[in-house]
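Asker: Handing you this structure, nothing more for now.
We did not get these values from a lab; they are worked out from the coordinates using the rules stated. In this text the structure is predicted, and so the values were computed from the model without any measurement. Please note: Cβ atoms are built from the backbone with ideal geometry, for glycine as well, and neighbour counts cover all protein chains shown.
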Amino acid sequence: MVTARTAHRALCLAVLLLATACAGDGEDDKNAPLPRKSEAQALSEARHYTKALAGSSGVVLSPRTAVKDLHTCVGKDDETAEDGRFTLTYHVRGELPRQQHIAAARRLREAMEGQRISVDHLDERPGDDRPVILDGSVAGKRKERISLTVESVEGPDSLQYVVTTPCYLPPGVRQQRF
């Protein structure tokens, strides 16, 4: 039976997948136009992903645990630009008894696969201090990948949700060429 809550979670994941897949044009050139997002837009997207992932796995997030890390993009040949391009890694935790972590990750994997979000790896280690690590990703048209990770972390009842964005160029900034 599909509940309204389950349908809502599935819809949230589908909307995020569609929004990500619509960016880009598939070029492999290091000077190809980068997707444009402000830091605020990237953070909002990361928050939406973590909320949808947590909801699909039955976990309520603790916003006070959220951490936002911005990094300068580093190119394939270790080049860095001065045009403001960045990647964002966003972490937030939710509480769930450790013995329920694997079941939550399995629910999440099922929800992700139902929305065509790649589940790259699910490591289940019953009885371990960190019983679950799930890695997934959403790919856009230009080989941009938003990385998604859900993992058991220190503390007996914590699951951490991590979103890492591709390299974004702020709107209105001229892209530096290499």
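Asker: Measuring from a point 7 Å past the Cα of Gln175 along Cα-to-C-beta, which residues in region 37-77 have an amide N at less than 13 Å?
Answerer: In region 37-77, the label zone of Gln175 (backbone N under 13 Å from the point 7 Å along Cα→Cβ) covers 37.
Asker: Please list, by residue number, every one of the trypsin sites (Lys or Arg not before Pro) in region 135-178 that is coil in DSSP and has at most 10 other beta-carbon atoms within 10 Å. Spell out each step's value before the answer.
Answerer: Numbers: sites: Lys141, Arg142, Lys143, Arg145, Arg174, Arg177; in loops: Lys141, Arg142, Lys143, Arg174, Arg177.
Here the sparse-neighbourhood loop sites are Arg174, Arg177.
Asker: Could you check the simple spin-label distance between His121 and Glu79, using points 7 Å along Cα→Cβ, in nm with one decimal?
Answerer: About 3.0 nm, to one decimal.
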